[in-house]
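This report refers to the structure that appears directly beneath it.
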């Protein structure tokens, strides 16, 4: 059994309209030394698999078919055996 | 001609499209509204994906709908070259399915836009615009939150070169879409996706009747495209 976290972000070339508002708002919070913030989405789930390769395959399938739109987004995966 | 209109949970525009097709001359029995469980579309001559917010735009607009049986049926149907039109959320679904290139972001101003906007007809060589004149400007209603069409430079160049841009916003771009794109088509002109809603511009009471020629294009031009692109 593997615990999976998929982090989805827009590609560098895509300008997320929400980020401009978020970063203006962060300025108003006033905390020093905070860089511009990038917004992403996180999906967490468990995958039933005997081996890491099998779990990888399942994550790729779910990510590719639903969680991520490759024409606009990129993703990374953290996986640990539990 | 038999038309199918696919309605997913959260789809809103299916009845307006049905009404628009009836006013364009379709018989009542030839326009069917089907739900997300539909597995077979081969008996239809034209398929519509309406506007709205299928599955509440969860994950991404159109993303949850793309894994429904009906979406798979749409992909199979599209491969035969018959007319397929996506309006609003339907256009978003076509991009999620990869049947049209690009994707959608929230409107640049973050405002949900709602109103009549001026659009220019860039191509009349599609199943949905063949009764319109290139260069003509129309007033059509739009109502969307995720209308900002986006695509990489290569895709945008390709769309321009192949004349795949069908509609552009002409006096004001309400959502910041790339190249002022309001609608595009595949190279053959058989798959069309547009953000404005011609089905809401069929009656003078609503401020514009510029939608009528889109639906008349289905009757007149769609058969010709089907014959030309039969596979």
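Could you tell me whether residue B:103 is crowded, with 20+ Cβ neighbours inside 10 Å, in contact with a helix residue (DSSP H, G or I) (Cβ under 9 Å, 6 or more places away or on another chain) and either within 14 Å of chain A (Cβ to nearest Cβ) or under 22 Å from residue B:48 (Cα atoms) (or both)? It would help to see each step written out before you state the result.
On the way: crowded, with 20+ Cβ neighbours inside 10 Å: yes; in contact with a helix residue (DSSP H, G or I) (Cβ under 9 Å, 6 or more places away or on another chain): yes; either within 14 Å of chain A (Cβ to nearest Cβ) or under 22 Å from residue B:48 (Cα atoms) (or both): yes.
In short, yes.
Looking at residue B:30 and the list (1) in contact with a helix residue (DSSP H, G or I) (Cβ under 6 Å, 6 or more places away or on another chain); (2) surrounded by fewer than 18 Cβ atoms within 10 Å (Cβ to Cβ), which single condition is not satisfied?
In the conditions (1) in contact with a helix residue (DSSP H, G or I) (Cβ under 6 Å, 6 or more places away or on another chain); (2) surrounded by fewer than 18 Cβ atoms within 10 Å (Cβ to Cβ), residue B:30 misses (1) alone.
Against the condition buried (at least 24 other Cβ atoms within 10 Å of the Cβ) and at pLDDT 95 or above, how does residue B:184 come out, does it pass?
Details: buried (at least 24 other Cβ atoms within 10 Å of the Cβ): yes; at pLDDT 95 or above: yes.
So residue B:184 fits the description; yes.
Does the range B:172-192 hold any residues that are closer than 24 Å to residue B:75 by Cα and within 14 Å of another protein chain (Cβ to nearest Cβ), and which are they?
Correct list: B:184 only.
Matching residues to (1) without any contact (Cβ under 8 Å) to a residue 60 or more places away in the chain; (2) under 30 Å from residue B:145 (Cβ atoms); (3) within 15 Å of the chain's Cα centre (by Cα):
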position: A:23; (1), (2), (3): yes, yes, no
position: A:39; (1), (2), (3): yes, yes, yes
position: A:61; (1), (2), (3): yes, yes, no
position: A:64; (1), (2), (3): yes, yes, yes
position: A:78; (1), (2), (3): no, no, yes
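In this structure, is residue B:158 out of contact with any strand residue (DSSP E or B) (no Cβ under 7 Å at 6 or more places or on another chain), surrounded by fewer than 22 Cβ atoms within 10 Å (Cβ to Cβ) and part of a loop (DSSP other than H, G, I, E, B)?
Criteria not met by residue B:158.
Quick check on the range B:209-231: of everything there that is surrounded by 20 or more Cβ atoms within 10 Å (Cβ to Cβ) and at pLDDT 80 or above, which residue is nearest to residue B:23 (Cα to Cα)?
The selected residue is B:215.
Within the range B:113-124, count every residue that is surrounded by fewer than 20 Cβ atoms within 10 Å (Cβ to Cβ) and more than 16 Å from residue B:216 (Cβ to Cβ).
6
Residue by residue through the range B:149-170, note down the ones that are within 13 Å of chain A (Cβ to nearest Cβ) and under 15 Å from the mean Cα position of the chain (by Cα).
Once the filter is applied, which keeps residues that are within 13 Å of chain A (Cβ to nearest Cβ) and under 15 Å from the mean Cα position of the chain (by Cα), the range B:149-170 yields only B:149.
What is the one condition in (1) under 25 Å from residue B:189 (Cβ atoms); (2) in contact (Cβ under 8 Å) with a residue 40 or more places away in the chain; (3) surrounded by fewer than 16 Cβ atoms within 10 Å (Cβ to Cβ) that residue B:72 does not satisfy?
(2)
When you scan the range B:75-95, how many residues do you find that are within 13 Å of another protein chain (Cβ to nearest Cβ) and buried (at least 24 other Cβ atoms within 10 Å of the Cβ)?
4
Of (1) within 14 Å of another protein chain (Cβ to nearest Cβ); (2) touching a helix residue (DSSP H, G or I) at 6+ places or on another chain (Cβ under 7 Å); (3) touching a residue at least 60 places away in the same chain (Cβ under 8 Å), residue B:198 satisfies all except one. Which?
Of (1) within 14 Å of another protein chain (Cβ to nearest Cβ); (2) touching a helix residue (DSSP H, G or I) at 6+ places or on another chain (Cβ under 7 Å); (3) touching a residue at least 60 places away in the same chain (Cβ under 8 Å), only one is false for residue B:198: (1).
The values are calculated or read from the model by the stated rules, or taken from the named source; none is laboratory data. Quick caveat: nothing in here was measured; it's all calculated off a predicted structure. Neighbour counts are summed over all protein chains in view; Cβ atoms, including those assigned to glycine, are modelled from backbone coordinates with ideal geometry.
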